[in-house]
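The values are calculated or read from the model by the stated rules, or taken from the named source; none is laboratory data. On a predicted model such as this, the values are computed, not experimentally measured, just so you know. Using ideal geometry, Cβ is built from the backbone for each residue, glycine included, and neighbour counts are taken over all protein chains shown. Heads up: the accessible areas ignore ligands, DNA and RNA and are worked out on the full protein's heavy atoms, side chains in. Shrake-Rupley method; radii C 1.70, N 1.55, O 1.52, S 1.80 Å.
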Amino acid sequence: MARYGLVIDDSKCTGCTACTIACQLHNNLEPEMTYNRLEILETGTYPNVKMDIMPMQCMHCDNAPCVSVCPTQATYKREDGIVAIDYDKCIGCKYCMTACPYDARKLNEERVPVKCRWCPEYLEKGEQPPCAATCMNDVRVFGDLDDPNSKINKILAENEVVSLLPEKGTKPSIFYVKK
Amino acid sequence: MFNRKTGLIIAGILIVFGLVGALNILIHGEHAMGTNNKVPWGAMIAGYVFFVGASAGLSIVSSLGHVFKIERFEVIGKRALVGGIATLLMGFVVIALELGKPFNMIYILFSPGISSAIFWMGALYGTLLVLLLAEFYFVIKGKHAIASTIGIFVVIADVAAHSNLGAVFGNSVARSFWNGPFIPIYLIVLAILLGLGVLAVMFYIIDKTNATKDSLVYRNEHIVSIIGKLMALFIVISFFFMFWKLFTSTYGAAPGQYEAAMALLAGPLSFNFWVFDVLLMMVIPFILLMTKNGFQPQRVFLAGILTIIGNLFVRIDLVFAGEIVEFTFLPGQESQYLHAFVSWSEWGVLLGAIGGSILIYLLAEKYFNLDEEHEHHHGESKANKPVEA
Amino acid sequence: MRQFNRRTFLKASAAAAVVSSVPLYVSFNNYKKAAEDATVHKIPSFCQGCTSYCGIIAHVKNDRLWKIEGHPIHLKSRGHLCARGHGMADYAYSKDRIQHPWKRGDNGEFEKISWDQAFKEIGEKLKDIVKKYSGNSVVWMEHGSHRKPYVDRLFDKIGSPNFVTQYSTCFNSKTNAWQQMVGGTLSGDHQKSKYIIFEGRNFAGGIVPNGMNLITKAKEQGTKILVIDPRYSEIAKIADEWLPIRPGTDLAFRLAMANVLISEGLYDKVFVKKYVDGFDEFWKYNKHNTPEWAEEITGISAQKIREIAREFAKNAPQAFIEPGWHGLHAHYLNSTQTAQMAIILNALVGNFYQRGGLMPSATVTLGHLELPEVFGPEKGDRVDGAGVDGEFKTVEPARGISHLIANKVAEGKVKAVFVCNNNPLRTSPSPEEQKQLKDADLVVSINIDWNETSYHAAHYILPEHYYLERYEHPYTVSGHITHEHPQIALRQPVIKPLHDSKNIIDILDGIAKGMGYNDLYPFTVEDDIKAAIAPLGITFEQLKKAGTIEFPATLKTGFPINKGKPALKTKSGKIQFSAELFKLDGKIGVPTWIAPKVMPDSSKADEFRLIHGKQPWHSHAMTNNNNYLMAMSERYDGMSMWMNTARANKLGIKNGDTVTMESSIAKKEVKVKVTELIHPDCVWVPSTYGGYSPKNTTAYNVGVNFNDFIPVMVEPWSGSTMSQEVVVKIRKGAM
Ligand code: SF4
Ligand code: SF4
Ligand code: SF4
C-alpha cells in the first residue's frame, strides 16, 4: 500500500493561480469554490521588500482532527493516507471545518464541507494531480513516501522541509521546502 | 395583561418570524446565514446551545424540587419539566436547520464516530429527550416515585450532555480560545443561570395569571424572589468564570487566545460583549437584584428577562470569539479579525424557537394539569434553605 | 439562485436533480457519479487564453468540455497551462456569448437576424461603400493576423490595404526595432543562460508556461535573475534582485549600461567588429550617457549600473537582457529606442545565436493551397498612415495603427469597419474617442461575446465559432523561447458549436456572396490545412490525433553566414545599430536619450504616472468576462490599484480606500492597494478591468482601465499608443 505525501517548494511559486483553476475544472467546482489557495504576504520597506506566496490545500494529516471530530465517519482516513469524505454520510455539522487548523475545508452549495481530495485517480496511477501537473514552476510534487525511489523521497532527502503548525499535533502529509 | 391569548399571539408572531427565517435557510443554505468558510459556526450553533442550555438549566433547577426534595421548588417542577422539553425540542429544530443534511443523522447509528463529541452529543441528547418525555409521562400519570427516579437520570444526562456540548468546543485544537475545560464547565454555570432566568419569567407570569397564587408563596417568600436570590449567586459565579477566562487569555498572550479575548474586550465583538454579556446578563440584573427591594418579583422578572437576552448573546460571542481570529500560516503574517454576523434569517429562527417554546408550553398548560397536587407531603423540615446570594 | 453551469454536461437524471432549487436535498454524490461514469474523449488542440497558443488536451464528456490539460509535447506548454487557459476553455459555456447574428435596429436595440439576412445586408452595404468611397475606406481590425490570408482575398477584390492588428497597443516598438536592426526577432535561451535581466518584462505575468518552467529550472541550476521594473512583478518574486526603476527611464538605464560596456572595454570586440554595423555612430551619440548621468534619471545608482554591466559582460555570452513583449514596448515616447537598446546591449556582449544568449526559433515551411488569383482595383495608401510617406513612414504597415481607426472614422476616411476577435473600444486608449467607430456606415463585429465593441459600436454582430469549435490553418510553434525542434500545432473542434455560429471562411464567403462575388472562397479550412502540411510528410489524420507534431532538430548556433558574409535580413547583413528607416527627416538611426513625454511633478503630492501591466490570471481585457478568472481577482484583491505606502501616507490614503483619479480626459473612482512593492512615482493598475458593456455581465463595471485615462497618442517611430505617458492626479475619497 502506498502512503502519499506532497512536497511544496513555495519559493518557486509566482502566484499564477493555475493550480486553483485546474483543480476547479477537474473537480467540477463552481468559480467561487476552491480546493487550494495561495497565502500571500509582502514584507519589508520599499525598496527592500519581499513577497511570499505559499500554496495551501488539505494537508491530509496523519493525525487529522477533522477525522476524529466527524460524528458519522463521513470524513475518514484511507489506508494510503488520503483523508476522504463520503458525502452520503455527512450531516453537514461543519465540525470538521472548525477542527481543521489549516482552513482547508469549505462548504459547498449542498451544505457539505469539501476540500482538496488529493485526486487519487491520478496518484494511484503514479501521476501528478491537476494542481501539480499544470504548474509551470513545478511547485508541487506528489508521490509515494513508502517508495524509496520516488521523486518525492529524493526531494525530501535533498532538502530541509517543514510542516505547518507542528504544535497542533496534526502531522500533516504536506512538506514545505525550507529556503 | 398576561393571558393565554396574548401568549398565543406572541408565540404566533415569533413563529412566523421563525418560519420565514427557516424557509430562507432551507432555500439559500449557508448564503442565508452570517457564517462563512472561515467562521463556520455562528448564531445557529449558539442558539442551539442556548435552547438546550435553557432546557438543562430548567431541569437542573427543577430537580432541586424533585430529586433533592427541596419542597418549595416542587411547585415549579412540572412547569420546569415542560419548559425543559419545549426548549430542548426547539434546540433540536435550530440544530436541524444548522445541519446541512440532517437526515444523514441516521449514520450516527450506522457508522458512529465515537471519537467525536458531536456523536456523543447526539447520543446523549437523544437519551435525554426520551428520559424527559418519560419523566413527564409519569409525572402526569401521578407516578411520582418513578418520575423522581427518572428525574435523577435526567439531571445526570443533562449535565453529561451539556458539558459534552461544551467539549464540542473544548476539544478543538484548531481554535485555541475554545480549547480546554473552560467551556464545558462554564456552559453548565450559564445553563443554570439561564434556567433561573426562564423560571423567574415563567412564574412571574403564572403568578399574574393563575389562581394558584398561594402555592407560589412559601413562608411569606414568593417563589420568584427565591429564584432571584439564586440568580444573583449564579451571576457572581458566571462573572468569576468569565473574568478568569479573559484574564488568563490576555495575560498569557497565548497566540490565538489573546486575539480572541481582545476581540471580545476591544475588538469586533466588544459591543456585544460589554452591552449584552456584561451589562445585560450580569451587571444590570445584579444591580436590580441587590439594591433595595431587589428580590421583589417585578425586579426579579426584569432581571430574568435581561439575563435571558444576555445569555443568548454570551453564547453567540463565545462561538464567534473562537473563530474570529484569522489563521496565519506565513511567518510575520499578522492575523486579522474575520467578519461574521447574525443574519436576519438566523434571528428569525431564534425568535421562532422562542415562540415555539412558548407555544409548546401553552399547549401543555391547556392539555395537562401543571399545578402542584396538594396531596403531596409538606415536609418543611426537609427543605433546605437556599443559599443566599 | 445560483446556476450550476459546470454541471450541465451530466446526463439528464443527474442534471434534473441538480436543477432542484433546494440545495439541502440534492445529493452531491449523484452528480459526481454521473460525471465519473461518462467516457472521456481526449482531443488535442491549442489554447486561446493569450497569444502564447499553448498546446492543450481537451477532455470531453457527454459532448461537453470537462477540462483541459497542457499538451505534453507542445513547446509552449509541455504539460503545463496557466490559469487563463483553463478559464478561457470554460468560457465556451459563457451565457454572454453571441449566439446568433444580431442587427442593431433604428432604435439602437439589437434584434436577432438570420445569417442570410446578415450576409445580404452587409454585402450590399459594403458594395455601396466600396462603390462610393473605394476599398480604401474599408478596414479589417483583428487582434493578430491569423485570418489575414482569408481576409486578403476579399480585400484584394475590393482594393483595401487596411488590415489592422491591435499591436500598436501592444508591442509595436519591439518588433519594429528588431525588424529594422536585425531583420527578425530572436528569443532568450533561458535554460542555458547564467544571467538574465528582465527589464519591463514580467515573464510570470505574460506567461509562456514552459518558458517559466525553463526559467525556474535555470534558477535552480544557479542562473542569476535580475528584475528591473517599477513594480515588484510576479517574476520579481523568484528574482535574485528587484530594482525598481523610475518608470519611463529604462532607456537611460540601458544607455548607461552600454556606456559601461564600451568605456570599460567589456564588450565583445570581435563580435562587434564582425557582425555589427553602426557601432561608431552609436558611440558618438552616447559617450556622455554615463552611469552617473543615468542615476539622476532612473534612480538606480551609478555603482549598481556598473555592477550590472560588469556581471552581464562577465557571464556573456550566456547572459541576455530579455527582448520583451508588451511591457515597455507600447508605453513611452522612447519605447522604440528602449527596444533598440535591448538589441544593442545583447549584441555588445555577443550573445546573438549563442546558447544561453539569444537564439532563433526552429521552424518549418508550410505548403500553400493553390487558389485562383483575385483581381481587384489597385490599393491606395493605408488609412492609418502606417508606412505611408509623410505620415507614419517608419511604422510597420503589417501591424498598422489600430487606435487611430476610430478617429479616421470621425474624419470620414473610414466607412466600413470589420472588427474580428478584437475589442478596440476597450483595448485602445480613450474609450469615448474609440466609440466613434460606430459612426461608420457599416460596423461589423465578429466576436464571440458582447464585448464593448459589439455592444457600443457594432451595427451587425456575427458570431464566429469559438476556438474549441473550429479548425484553423496549422501554426508553426515559435516565439519567446528557443527550441531545437520545429513544431506545428493544429486547432481543431473539440466540441460541437454550441450556438448558431460559423467559421471565418464561411463568414467571409457569405459577405462576399452578399456583394455578388460568388467564387472568392472555393475552399474549406480543411483544404487549407491539408495543403499546408502536404510538404511535411504527415497526414491530416496524424495531425488531428497528435495535435502537435515535432520535427527533427534544425537549430544551429552561430551567426548566419552566407558566402562568408553576415547574412541577416538587413541592409548590411549585420546587426544595424543604426536603423536605416529611422533616419527620416534628418533624424538619427541610433538610439540616444529621449525623455518621456510627460513626467509627474515630484513637488506635487497628488501627481503620479499611471502605469499598467498584466495579471498572471488575465490576458488584459480579453479575459475580464470570465467567471473563474474574475473570481480569482475577487479572491486576491486583483482589481485594486497599487500605490506606494509612503506616497499613500502623504495623501492620507489607506489600504482598501477608494480614491478619485483624474487625467486630462477622465475622472474615475478606484480602490487602492497600499503597498511597498511599487515605485513611489507611479500607480499601477492591472490591464484587465473596466468592462463597460452591460451585456458582458461579469466584467461590467468592475474596476477601471488604464485606457480610460489616456488620450489617443502615436509614438512617432513605431506607432504605439504610449499608454504610460499619462500623469494623473489622485485624491482621497469618492468623486
Ligand atoms: S500553478 Fe504553480 S506557480 Fe502558479 S500559483 Fe500554483 S503553485 Fe504557484
Ligand atoms: S488539513 Fe484539515 S481537512 Fe485536511 S486532513 Fe488536516 S485537519 Fe483534515
Ligand atoms: S490534489 Fe486534486 S483536489 Fe487537491 S488541490 Fe490538487 S487538483 Fe485539487
- Failed condition for C:HIS190, given (1) touching a Phe, Trp or Tyr at 6+ places or on another chain (Cβ under 7 Å); (2) open to solvent by less than 10 Å² (accessible area, probe 1.4 Å), with all others met? (1)
- Quick count over region B:146-161, residues being modelled with pLDDT of 90 or more and open to solvent by less than 20 Å² (accessible area, probe 1.4 Å), is 4
- How many residues are acidic (Asp, Glu) and within 18 Å of the chain's Cα centre (by Cα) if we restrict to region B:346-366? 1
- Query: Pick from C:GLY357, C:GLY387: which is without any contact (Cβ under 8 Å) to a residue 40 or more places away in the chain and out of contact with any Leu (no Cβ under 6 Å at 6 or more places or on another chain)?
  - Reply: C:GLY387
- Query: All but one of (1) under 20 Å from C:ILE215 (Cβ atoms); (2) more than 12 Å from ligand 3 (Cβ to nearest atom); (3) more than 7 Å from chain C (Cβ to nearest Cβ) hold for A:PRO55; which doesn't?
  - Reply: (2)
- Please give the number of the condition A:CYS116 fails out of (1) closer than 23 Å to A:THR20 by Cα; (2) within 13 Å of ligand 2 (Cβ to nearest atom); (3) surrounded by fewer than 21 Cβ atoms within 10 Å (Cβ to Cβ). (3)
- Item | Conditions (1) modelled with pLDDT under 95; (2) crowded, with 16+ Cβ neighbours inside 10 Å; (3) in contact with an Asp or Glu (Cβ under 6 Å, 6 or more places away or on another chain); number of the one not met by B:GLN336 | (2)
- Message: Can you say whether B:ASN164 is within 14 Å of chain A (Cβ to nearest Cβ) and either modelled with pLDDT of 95 or more or away from ligand 2 (no atom under 16 Å from the Cβ) (or both), as far as the supplied structure shows?
- Response: yes
- Message: among the aliphatic types (A, V, I, L, M) and surrounded by fewer than 22 Cβ atoms within 10 Å (Cβ to Cβ): which single residue out of C:LEU610, C:LEU584, C:LEU629 fits that description?
- Response: C:LEU584
- Task: Give me the pairs, please: first residue somewhere in region A:97-124 and closer than 16 Å to A:ASP86 by Cα and more than 14 Å from chain B (Cβ to nearest Cβ), second residue anywhere and buried (at least 24 other Cβ atoms within 10 Å of the Cβ) and not hydrophobic (A, V, I, L, M, F, W, C), beta-carbon distance under 6 Å, and either six or more positions apart or on two chains.
- Result: A:TRP118/A:HIS60; A:CYS119/A:PRO129
- Task: Taking the options C:ILE228, C:ILE245, name whichever one is away from every other protein chain (no Cβ under 11 Å), modelled with pLDDT of 95 or more and in contact with an Asp or Glu (Cβ under 8 Å, 6 or more places away or on another chain).
- Result: C:ILE228
- Pick from region C:342-384 the residues that are over 30 Å from C:LEU255 (Cβ atoms) and among the basic types (Lys, Arg): which of them is most open to solvent (accessible area, probe 1.4 Å)? C:LYS379
- Query: Do we have any residue at all in region A:154-163 that's within 14 Å of chain B (Cβ to nearest Cβ), part of a strand (DSSP E or B), touching a residue at least 12 places away in the same chain (Cβ under 8 Å) and open to solvent by 20 Å² or more (accessible area, probe 1.4 Å)?
  - Reply: yes
- Filter region A:136-150 down to residues that are open to solvent by 10 Å² or more (accessible area, probe 1.4 Å), more than 13 Å from ligand 3 (Cβ to nearest atom) and either within 14 Å of another protein chain (Cβ to nearest Cβ) or in a loop (DSSP other than H, G, I, E, B) (or both), then give me how many there are. 7
- How do the helices (runs of 4 or more DSSP H) wholly within region A:1-112 filter down when requiring 3 or more residues that are within 16 Å of ligand 2 (Cβ to nearest atom) and open to solvent by 10 Å² or more (accessible area, probe 1.4 Å): which remain? A:65-68
- Message: Testing C:ASN259 on (1) open to solvent by less than 20 Å² (accessible area, probe 1.4 Å); (2) in a loop (DSSP other than H, G, I, E, B), one condition comes back false. Which one is that?
- Response: (2)
- Message: Among the residues of region C:556-578, what is the count of those that are outside any strand (DSSP E or B) and open to solvent by 30 Å² or more (accessible area, probe 1.4 Å)?
- Response: 11
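Residue-wise test of (1) in a helix (DSSP H, G or I); (2) among the charged types (D, E, K, R); (3) in contact (Cβ under 8 Å) with a residue 60 or more places away in the chain.
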residue	(1), (2), (3)
C:ILE207	no, no, yes
C:ASN210	yes, no, yes
C:ILE215	yes, no, no
C:ILE225	no, no, no
C:ILE235	yes, no, no
C:ARG246	no, yes, yes
- Exactly one of C:VAL672, C:VAL685 is within 20 Å of A:LEU41 (Cα to Cα), surrounded by 23 or more Cβ atoms within 10 Å (Cβ to Cβ), of a type outside the set (Ser, Thr, Tyr) and away from chain A (no Cβ under 13 Å), and that residue is C:VAL685
- Query: Within region A:22-43, can you find the residues that are at the interface with another protein chain (Cβ under 7 Å from one of its Cβ atoms), in contact with a helix residue (DSSP H, G or I) (Cβ under 6 Å, 6 or more places away or on another chain) and under 20 Å from A:TYR102 (Cα atoms)?
  - Reply: A:GLU32
- Message: Of the conditions (1) at positive phi; (2) within 16 Å of ligand 3 (Cβ to nearest atom); (3) at the interface with chain B (Cβ under 7 Å from one of its Cβ atoms), A:GLY92 satisfies every one except a single condition; which number is it?
- Response: (2)
- Query: Yes or no: C:GLY123 at pLDDT 95 or above and within 14 Å of chain A (Cβ to nearest Cβ)?
  - Reply: no
- Restricting attention to region A:121-135, which residues are small (Gly, Ala, Ser) and near ligand 3 (Cβ under 9 Å from one of its atoms)? A:ALA132, A:ALA133
- Residue ID - farthest from the other protein chains (Cβ to nearest Cβ), chosen from residues in region B:7-20 that are under 21 Å from the mean Cα position of the chain (by Cα) and of a type outside the set (Val, Ile, Thr): B:GLY7
- Message: Take the conditions open to solvent by 10 Å² or more (accessible area, probe 1.4 Å), within 16 Å of ligand 2 (Cβ to nearest atom), closer than 29 Å to B:LYS38 by Cα and out of contact with any strand residue (DSSP E or B) (no Cβ under 9 Å at 6 or more places or on another chain) and apply them to A:LYS168. Does it pass?
- Response: yes
